[in-house]
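Coordinate-derived values only; no laboratory data. Treat the numbers as computed from the prediction; the structure is a model and nothing was measured. Cβ placement follows ideal geometry from the backbone for every residue including glycine, while neighbour counts extend to all protein chains displayed.
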């Protein structure tokens, strides 16, 4: 398995260090394509022992996607989950969504796309949200 580079943020002060994780060939190939598009792979281990992995867009100053893996998950399964996370990230859809936001064509109706529930935001009509 090839090693895929990540930037890890280390406790207690968030210092950065470069690490490599042994992931599948498909994940390594996709990670290289993501880097070519200007996206980076980062991770951190929380104080709880849980791990968080990010696909970050440093040019936009945002995380394009994230994966939380609980500490109770065995390490082999963690690596499989990280590989799937990378392989399944849709960089084209992300770029399309960014372009819509940049041009003001974002037709976001404040509906969660996973559940279909409206996300309440505080305003004059709903100050308890």
Original post:
How high is the relative contact order of segment 1-74, in percent, counting Cα pairs under 8 Å that sit 6 or more residues apart?
Top reply: 24 percent
Subject >> Ranked packing of 45-56, 20-31, most packed first, by mean Cβ within 10 Å >> reply: 20-31, 45-56
Subject >> Debye log10 I(q)/I(0) at q = 0.17, 0.18, 0.21, 0.22 Å⁻¹ for segment 3-89, Cα point scatterers >> reply: -0.67, -0.76, -1.04, -1.14
Subject >> Highest to lowest packing among 85-98, 66-79, scored as the average C-beta count within 10 Å >> reply: 85-98, 66-79
Subject >> Extension gain (nm, one decimal) between residue 47 and residue 9, 0.36 nm per residue minus Cα-Cα >> reply: 12.5 nm
